[in-house]
Amino acid sequence: MDLRTRVSTSLKQAMKDKAADRLSTLRLINAAIKDKDIAARAEGNDDGVGDAEVLAILGKMSKQRIESARAYEEGGRLDLAEREHEEVKVIQEFLPQQLGDAEIETAVGEAIDEIGADSIRDMGKVMGALKAKYTGQMDFGKVGPMVKARLS
């Protein structure tokens, strides 16, 4: 089952269960996917976005809410921070399992070997290969410095 179908199924179930908080988060996810679909159609892609783009949307939404929760906690608004954390939990149900540090190191090494990267100039190629294979499974903000260190 593709991600779009999983989100729709969960949305319907949340309506049946009358889970208001979960329902609002799922509606936000659905709206973000539809926005991307509209943008894709404007560019000539009539099929809309695929699972890779949906994963990117979900990853971005998750990251935004984590940052918001951190800001709320620093501002002493623990009620709002808790709400953001609840939204993150719902969003992460649709993301693949995150890789651990050792697995990320292995993936970076494999990507460097696969591409034959030997200098910092090849960093873009390595990051592109990692994003193609591991979208939604690793935080590329943390992976970038790892790749840079390995290629330096």
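Odds and ends about this structure:
- log10 of Debye I(q)/I(0), alpha-carbon scatterers only, for the chain at 0.19 Å⁻¹: -1.15
- Under 26 Å from the Cα of residue 18 - lysines, other chains or at least 8 residues apart: 34, 89
- Region 9-73: trypsin sites (Lys or Arg not before Pro) falling in loop per DSSP and having at most 12 other Cβ within 10 Å: 18
- A crude spin-label estimate for the pair residue 140 and residue 71, with each label 7 Å from Cα along the Cβ direction, gives 2.3 nm.
- Listed residues 28, 151 arranged by accessible area, highest first, probe 1.4 Å: 28, 151
- Per the Kirkwood formula applied to alpha carbons, region 65-152 shows a radius of gyration over Rh ratio, Rg over Rh, of 1.12.
- Per-residue HN-Hα couplings for region 85-98 [Karplus 6.51, -1.76, 1.60; θ = phi - 60°; Hz; x = Gly/Pro]: 4, 5, 5, 4, 4, 5, 5, 6, 4, 9, 8, x, 4, 6
- Exceeding the 32 Å Cα-Cα cut-off - candidates 12/142; 60/148; 16/36; 16/63; 63/125; 16/131: 12/142; 16/131
- Of all aspartates and glutamates in the structure, those lying under 18 Å Cα to Cα from residue 133, and not within fewer than 8 positions of it along the same chain, are 2, 51, 53, 101, 103, 105, 110, 113, 114, 122.
- For region 33-49, 3J(HN,Hα) per residue [Karplus equation, 6.51 cos²θ - 1.76 cosθ + 1.60, θ = phi - 60°, Hz, x = Gly/Pro]: 5, 5, 4, 5, 4, 4, 5, 5, 5, 5, 8, x, 8, 5, 7, x, 9
- Rg of the Cα atoms in region 16-76, relative to 2.2 N^0.38 Å, amounts to 1.40.
The values are calculated or read from the model by the stated rules, or taken from the named source; none is laboratory data. What you are looking at is a predicted structure, and each value in this text was computed from that prediction instead of being measured. Every residue, glycine as well, gets a Cβ built from its backbone with ideal geometry; the counts of neighbours run over all protein chains shown. Remember, those area values only see protein heavy atoms, side chains included, never the ligands or the DNA or RNA. Shrake-Rupley method; radii C 1.70, N 1.55, O 1.52, S 1.80 Å.
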